[in-house]
Amino acid sequence: MPFTALGLSPRTISPLARLGYDTPTPVQAQTIPAALQGRDILARAQTGTGKTAAFGLPMIDRLAAVGHGQGIAPRGLVLVPTRELALQVKDSLFELAQGTRLRVMTMVGGEPIMPQVRTLRRGVDIVVATPGRLIDHLDRKTIDLRTIEIVTLDEADRMLDMGFLPPLKRVMSLVPASRQTLLLSATFSKEIVAVARAFTTDPVRIDVAPEHVVAATVVHRVFAVPQEQKRDVLAHILTSGPVRQTLVFCRTKHGSDRVGRFLEGAGLRTAVIHGDKQQGARKRALADFKSGQVSVLVATDVAARGLDIEKLPLVVNFDLPLVAQDYIHRVGRTGRAGQDGEAISLATTAERALLHDIQKLLPSPIERAVLPDFTPSPVAHRSPQAHAAPRPHDAARGAKGHGPHRGAPSRPGGGRPHGHRSGPRRPGGAPRAATWR
């Protein structure tokens, strides 16, 4: 089925071929016709399924039909959970709207608010916002939502996980009752169904998420590792062979900083992103990672939500997620488009219950693995600096993707020579094989 069969206007369709949109994805084929009819939508779709165009094209088509960017107050609103996702959605909508004169802006935290205020005063048609910053503008009375015609709640499940239900309720109470609402989520949990009941009217329910949403080309492995050896094991995994682009997930901001510093000390070009990083630093870190200037990106779930990274070969769960579904979101960034991918988890015995919950979401058993040639570095664990919070200049170095610390041995590609350790080997220190059932 071509895009021309979905009911979009020629003006909206014109830039699609140039952007590489040949045929609609399942979520686009089902969502676009219903949205063009003015129906509310409740859709379950994963990242990477083309859902931005699924909600963006009918929004653009509707808003461009009247006004052509002549007004001041926004008529379209897209709410997303994170700054990174907001920036990606804005860029996609800007490209999709090339055949129109619609103006698109982002409204996110971590950036000065006054430039956003000035953009609003000049006039904008579509606002892509995070809930917190939108509430800031509402408190300042710098945005008027009474002209909104269509609202999209993207990754609504994640917004609920992050505690955004109160701001969502406030925002939805301020937009006209006659607006059209499109709600997209990775799950149809009871909480999402309740939100859809509150925010939508007789929505068309669309479900394009497969039973198992992790690509079949992804290999899942787990190493049973004592907590105090995790960083050594991680560095060993990343430096034992050819250096690969790797996304490492940590549970906390401080943990991400510590892991980032440790990996730089191991000779790996590393960047760190989390909620405390300035927006400019986060954008530079992601750009450096995508370009290959940085080989390892350490992130929290919040910061990494919505990241779109092509051909990512390896995802490592330094900490297992507390919610099993987040494992699916994490490892869904590897093995895309038929590419091979690998998901490695470092799990302590205290995390066995989390691992059990994750296993229930996967179609095949997680491979229990060992590192027969690994011996941890006792020096790293004796050093107080190994556990210290990152210094400001270290954080800046990590965000900019600079190379290893001075004096760290290196090899082509950025890693240590295979087998190198910073201190004498300790017998009997290798991690045990996982024996969980």
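You will find that of Ser185, Ser189, the residue that is small (Gly, Ala, Ser), outside the structural domain of Pro313 (by TED's automatic domain parsing) and without any contact (Cβ under 8 Å) to a residue 60 or more places away in the chain is Ser189 and no other.
When you look at Gln293, is it surrounded by fewer than 18 Cβ atoms within 10 Å (Cβ to Cβ) and modelled with pLDDT under 90, yes or no? So Gln293 fails the test.
Of the strands (runs of 3 or more DSSP E) contained entirely in the range 195-296, those carrying at least 3 residues that are in contact (Cβ under 8 Å) with a residue 24 or more places away in the chain and touching a helix residue (DSSP H, G or I) at 6+ places or on another chain (Cβ under 7 Å) fall at 218-224, 246-249, 270-273. Applying the criterion of being of a type in the set (Lys, Arg) and closer than 18 Å to Leu8 by Cβ to the residues of the range 23-63, the residue that is surrounded by the most Cβ atoms within 10 Å (Cβ to Cβ) is Lys51. Ile148 meets all of the listed conditions (1) in contact (Cβ under 8 Å) with a residue 40 or more places away in the chain; (2) part of a helix (DSSP H, G or I); (3) of a type outside the set (Gly, Ala, Ser) but one, namely (2).
Okay, residues lined up against (1) β-branched (Val, Ile, Thr); (2) more than 29 Å from Thr47 (Cα to Cα); (3) in the same structural domain as Ile143 (by TED's automatic domain parsing):
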position: Leu79; (1), (2), (3): no, no, yes
position: Ala86; (1), (2), (3): no, no, yes
position: Glu95; (1), (2), (3): no, no, yes
position: Thr100; (1), (2), (3): yes, no, yes
position: Val108; (1), (2), (3): yes, no, yes
position: Pro112; (1), (2), (3): no, no, yes
position: Pro115; (1), (2), (3): no, yes, yes
position: Arg121; (1), (2), (3): no, yes, yes
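Is one or more of the residues making up the range 120-130 in contact with a Lys or Arg (Cβ under 7 Å, 6 or more places away or on another chain) and under 29 Å from Ala324 (Cβ atoms)? Show your work before the answer.
Initial filter on the range 120-130 (in contact with a Lys or Arg (Cβ under 7 Å, 6 or more places away or on another chain)): 123-125, 128, 130.
Next, only the ones that are under 29 Å from Ala324 (Cβ atoms) stay: 130.
Taking every residue of the range 120-130 in turn, at least one turns out to be in contact with a Lys or Arg (Cβ under 7 Å, 6 or more places away or on another chain) and under 29 Å from Ala324 (Cβ atoms).
Of the residues making up the range 330-376, those that are charged (D, E, K, R), modelled with pLDDT of 90 or more and not in a helix (DSSP H, G or I) are Glu342, Glu367, Arg368. If only residues of the range 64-80 that are under 24 Å from Ala29 (Cβ atoms) and modelled with pLDDT under 95 are counted, the one that is surrounded by the most Cβ atoms within 10 Å (Cβ to Cβ) is Ala64. Among the criteria (1) within 22 Å of the chain's Cα centre (by Cα); (2) surrounded by fewer than 22 Cβ atoms within 10 Å (Cβ to Cβ), the one Thr100 does not fulfil is (1). Within the range 24-59, the residues that satisfy the criterion of being over 17 Å from Glu95 (Cα atoms) and charged (D, E, K, R) are Arg39, Asp40, Arg44.
Given Pro15, Pro33, which one is in contact (Cβ under 8 Å) with a residue 60 or more places away in the chain and under 20 Å from Ala97 (Cα atoms)?
Among Pro15, Pro33, only Pro15 is in contact (Cβ under 8 Å) with a residue 60 or more places away in the chain and under 20 Å from Ala97 (Cα atoms).
Number of residues in the range 235-252 that are surrounded by fewer than 18 Cβ atoms within 10 Å (Cβ to Cβ) and within 14 Å of Gly275 (Cα to Cα): the value is 2.
Yes/no matrix, rows are residues, columns are (1) under 24 Å from the mean Cα position of the chain (by Cα); (2) modelled with pLDDT of 90 or more; (3) within 26 Å of Ala156 (Cβ to Cβ); (4) not assigned by TED's automatic domain parsing to the domain that holds Pro203:
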| site | (1), (2), (3), (4) |
| --- | --- |
| Ser9 | no, yes, no, no |
| Ile13 | no, yes, no, no |
| Ala17 | no, no, no, no |
| Thr31 | yes, yes, yes, no |
| Thr49 | yes, no, yes, no |
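Going by what's in this entry, would Thr130 be described as under 20 Å from Gly275 (Cα atoms), in contact with a Ser or Thr (Cβ under 8 Å, 6 or more places away or on another chain) and in the same structural domain as Ala177 (by TED's automatic domain parsing)? Against the criterion (under 20 Å from Gly275 (Cα atoms), in contact with a Ser or Thr (Cβ under 8 Å, 6 or more places away or on another chain) and in the same structural domain as Ala177 (by TED's automatic domain parsing)), Thr130 qualifies. With respect to the conditions (1) modelled with pLDDT of 95 or more; (2) in contact with a helix residue (DSSP H, G or I) (Cβ under 8 Å, 6 or more places away or on another chain); (3) in a loop (DSSP other than H, G, I, E, B), Leu134 lacks only one, and its number is (3).
Can you spot a residue in the range 212-224 that is out of contact with any Asp or Glu (no Cβ under 8 Å at 6 or more places or on another chain), at pLDDT 90 or above and not assigned by TED's automatic domain parsing to the domain that holds Leu165? Yes: one or more hits.
Could you check how many residues of the range 154-188 are within 24 Å of the chain's Cα centre (by Cα) and assigned to a helix (DSSP H, G or I)? Don't jump to the end; show me each part of the working.
Initial filter on the range 154-188 (within 24 Å of the chain's Cα centre (by Cα)): 154-169, 171, 181-188.
From what is left, the residues that are assigned to a helix (DSSP H, G or I) are 156-161, 165-169, 171.
The qualifying residues number 12.
Restricting attention to the range 104-119, the residues that are on the phi > 0 side of the Ramachandran plot and buried (at least 21 other Cβ atoms within 10 Å of the Cβ) total 0. Val171 fulfils the conditions (1) assigned by TED's automatic domain parsing to the domain that holds Gln359; (2) crowded, with 20+ Cβ neighbours inside 10 Å; (3) in contact with a helix residue (DSSP H, G or I) (Cβ under 8 Å, 6 or more places away or on another chain) except for a single criterion, (1). Has the range 90-97 got at least one residue that is farther than 19 Å from Glu155 by Cβ, free of Cβ contacts under 8 Å to residues at least 60 places away in the same chain and out of contact with any strand residue (DSSP E or B) (no Cβ under 7 Å at 6 or more places or on another chain)? Scanning the range 90-97, I find no residue that is farther than 19 Å from Glu155 by Cβ, free of Cβ contacts under 8 Å to residues at least 60 places away in the same chain and out of contact with any strand residue (DSSP E or B) (no Cβ under 7 Å at 6 or more places or on another chain), so the answer is no.
The values are calculated or read from the model by the stated rules, or taken from the named source; none is laboratory data. Worth saying up front: this structure is predicted, and the values here are computed from it rather than measured. As a convention, Cβ positions derive from the backbone with ideal geometry for all residues, glycine included, and neighbour counts pool all protein chains shown.
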